[in-house]
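Just so you know, all these numbers are worked out from the coordinates, no wet-lab data involved. None of these values were measured; they are calculated from a predicted model. When we count neighbours, we look across all protein chains shown, and the Cβ atoms used for this are built from the backbone with ideal geometry, even at glycine.
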Amino acid sequence: MLWLKGAKADGRLKDCWNLKVDRISMRDDNGVDTGESYFVPVCTEQSFESNFAHIDDENQLEILRRNLNSNPVSCPQNCTCYQNRKRVWVLSEIKRGFRRLRVAGRITWKAFLRLQWPQVVVIGMIALIIILLKAPQWVPLLVSLAKAIWGKTP
């Protein structure tokens, strides 16, 4: 991982949301895991620049394993897939928060629908009292809304 930090500091790799690190397990000729492993940088958008992109994946991994300290891969200078890691993380956390609110609202609504009508009336009256106490400026709006619902003109 020290190589990755150095590559970011040198500008060869960007601190991008798409930059990941894969752990590759070494296998012997029979395909048995030898217990040894190494780490290679991976771009989820596959936009790395390298001199060996034309080689098959197995040989690319071998080149990375043996030559990682000689900077075999880098991010393109003007990568169109670049996404700032911190910005994407913040946006994903905001989306997750909204998703949780939506789920909580859906659960609350389903629970409200399972109530008996007297319970709904009591909850509605409590909500109305809270609204009237906390926001008296809404009273005229609520009165005109009630009149519109029951067909009386203001």
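In region 24-125, a dipole from Cβ-located charges (positive for Lys and Arg, negative for Asp and Glu) runs towards its positive end, and of Met125, Pro41, Cys75 it is Met125 whose Cα lies farthest in that direction.
Averaging Cα coordinates gives a centre for region 103-154 and one for region 26-42; these two points are 64 Å apart. Computed from backbone phi, the HN-Hα couplings of region 102-111 come to 5, 5, 5, x, 5, 5, 4, 5, 5, 5 Hz, rounded to whole numbers (Karplus: 6.51 cos²θ - 1.76 cosθ + 1.60, θ = phi - 60°; Gly and Pro given as x).
Dipole magnitude for region 2-74: computed about the Cα centre from +1 point charges on Lys and Arg Cβ and -1 point charges on Asp and Glu Cβ, it is near 460 debye.
Net charge dipole, the chain: roughly 1740 debye, given to the nearest 20, about the Cα centre with Cβ charges of +1 for Lys and Arg and -1 for Asp and Glu.
Here's how it looks for Leu13: its modeled amide H is under 5 Å from those of Lys8, Cys75, which are all 5 or more places away or on a different chain. 3J(HN,Hα) along region 125-141: 5, 4, 4, 5, 5, 4, 4, 5, 6, 8, 9, x, 5, 7, 4, x, 5 Hz, from the Karplus curve 6.51 cos²θ - 1.76 cosθ + 1.60 with θ = phi - 60°, whole Hz, x for Gly and Pro. As I understand it, the value is the acute angle between the Cα axis of helix 57-67 and the longest principal axis of the Cα atoms of the chain; what does it come to in degrees, rounded to 10? The two axes meet at around 70 degrees. Partner aspartates and glutamates whose Cα lies under 19 Å from the Cα of Lys14, excluding those fewer than 8 positions away in the same chain, are identified as Asp22, Glu45, Glu49.
Amide H contacts under 5 Å for Gln83: Trp17, Asn18, restricted to partners 5 or more places along the chain or on a different chain, H placed in the peptide plane at 1.01 Å from N. The alpha-carbon of Lys134 sits under 27 angstrom from the alpha-carbons of these lysines, leaving out residues fewer than 8 places away in its chain: Lys110, Lys147, Lys152.
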